[in-house]
Amino acid sequence: MFDVVIVGAGFAGAVLAERFAQIDKKVLLIERRQHIAGNCYDEIDSNGILIHKYGPHLFHTDSVEVWKYLSKFTEWDVYHHKVKAMVDGQIVPIPFNFNTMQQVFPKSLAERLEVALLENYSYGSKVPILELKKSADKDLQFLADYVYEKIFLHYTTKQWGNPPDKIAGAVTARVPIFVGRDDRYFNDRFQALPRRGYTKLIENILSHKNIKLMLNTNFDEVAKLRGNEIYLFGQKFNGRLIYTGQLDELFKFKFGTLPYRSVEMKFETVNVEHYQESASVNYPNNYEFTRITEFKNIHPAQTNRTTILKEYPQNYVQGENEPYYPIFTDEARTAYEKYSSELKNFPQITAVGRLAEYKYYDMDDIVKRALEIFAELND
Ligand code: UDP
């Protein structure tokens, strides 16, 4: 009856469902939540503001292929995300750049540090904090210690439950020091928001007669793994299973639970036109939350109230909260590899996505990955 079963209706599942549907395969897409779009899910709240229920999602990509693919399903509003951080009572631009230095240091020191950066790195380059910390230059060492302490150390410890040197360097390298004056959070070629939101975008991707969507449905309710075979509605299933959930859950936690990081999302209504000057303000130090996002600054709305979101990181506990991020420690990677080698016994299964591949995919990365997997599977 179905050629392909897909578990999870986030970006990975939706793109693969659409690709298979286009080549006339019958796709069953199951989703345990009551809604599509995974953690990109957005909705208009009681203040009339489009909010991102699972935290701020800002689309950006350097991939022309991804941009063109998604543009078949949405119009865009150009949007360049800007983030500030609260440092010693001042609101300063992040990623840390020349403008930030002008604000936090006396003029002569800021200029000296600017020169030191330019002597060592080209203009417009991005330097991860853990790399800058290795610098032999005395001025750059001073700068690295300052940025590490004020921006990365406490934020990262809050966010991950681990200091920066215990997690993969690629995590803090997502927000490198920027050698220049560009205050934007991303430098990608395309930066925009789907005009009617991510949920609508995913809805459009899924709108195909060959896709059957079942919400509120757990994998266990429709399918089972037995031996190295897959059973769908009690019958042996010979097609492809694309799985975007947690691998430990798929394999019944046989090697124990994999660590994921969760975040408690606390939305508040504030009775003012605008709460803060930029879309997100990070609070690396002194607060339990990591950042405050004001959604009106992302999706403009005509209201005299505003909706803000405070993010409180916490451990993920199965059944109690949502898994948002894999944890990028060596220990967690080793635990994940036990599960991923289990997949070798199931050639029908393709694991894809942030949870299933245990990777820090951005939205564009996962669309790219889904398109690549589709190409590989149809080679
Ligand atoms: N980070 C930090 N201070 C900041 C911003 C980011 O220490 O002000 C570190 C932190 O470890 C964070 C990582 O950089 O988890 C990646 O930040 P990003 O904003 O990309 O996180 P996301 O939006 O994916 O949660």
So, for the Cα atoms of region 281-328, Rg and Dmax in Å stand at 14.2, 41
Checking 115, 92, 127 against a Gaussian network model of the chain (alpha-carbon springs below 10 Å), the top fluctuating residue turns out to be 115
The percentage of the accessible area of region 167-227 (probe 1.4 Å, all protein chains present) made up of carbon and sulfur atoms, to the nearest whole number, is 47 percent
The whole-number value in µm²/s of the Stokes-Einstein translational diffusion coefficient for region 32-150, with Rh from the Kirkwood sum over alpha carbon pairs at 37 °C and 0.692 mPa s, is 183 µm²/s
When the chain is treated as a Gaussian network with springs between alpha carbons less than 10 Å apart, the largest mean-square fluctuation among 241, 109, 132 is found at 109
Taking only C-alpha positions in region 1-82, Rg and Dmax in angstrom work out to 15.0, 48
Sorted largest first, the C-alpha extents of region 275-379 along its principal axes in whole angstrom are 56, 33, 24
Note: region 116-195, point scatterers on Cα, Debye, no solvent; log10 I/I(0) at q = 0.14, 0.21 Å⁻¹ equals -0.52, -1.01
Answer in debye to the nearest 20: the dipole magnitude of region 312-377 about its Cα centre, from +1 Lys/Arg and -1 Asp/Glu charges placed on Cβ, is 140 debye
Expressed in Å to one decimal, the Kirkwood Rh of the chain from all distinct alpha-carbon pairs is 22.4 Å
Taking 189-199, 215-225 and ranking on average Cβ neighbours within 10 Å, highest first, one gets 189-199, 215-225
One finds the C-alpha centres of region 188-224 and region 333-375 to be spaced, in Å, by 18 Å
Regression test value, accessible area per residue of region 217-296, probe 1.4 Å, units Å², expected 49 Å²
Between the alpha carbon centres of region 82-110 and region 1-50 the gap in Å comes to 41 Å
Binned at 10 Å from zero, the C-alpha pair distances of region 318-377 give percents of 19, 45, 34, 3
Out of 31, 294, 322, a Gaussian network model of the chain with alpha-carbon springs under 10 Å gives the largest mean-square fluctuation to 322
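Determine the alpha carbon to alpha carbon distance for each of 53/166; 166/266; 82/310; 25/252 and list only those over 26 Å.
Violating the 26 Å limit, Cα to Cα: 53/166; 166/266; 25/252.
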For region 229-285, one quarter of the surface area of the C-alpha convex hull, expressed in nm², comes to 9.0 nm²
Of the DSSP H helices in the chain, the ones reaching 15 Å or more along their long axis in Cα terms and averaging at least 0.5 in Kyte-Doolittle hydropathy are 11-22
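With the convex hull built on the Cα atoms of region 112-269, state its orientation-averaged projected area in nm².
If you wrap the Cα atoms of region 112-269 in a convex hull and average its projections, you get 15.8 nm².
The values are calculated or read from the model by the stated rules, or taken from the named source; none is laboratory data. Since this is a predicted model, take the numbers as computed values, not measurements. Note that we place each Cβ from the backbone using ideal geometry, even for glycine, and neighbour counts take in every protein chain shown. When the accessible area is computed, the model is the full protein with side chains, heavy atoms only, and any ligands, DNA or RNA have been set aside. Shrake-Rupley method; radii C 1.70, N 1.55, O 1.52, S 1.80 Å.
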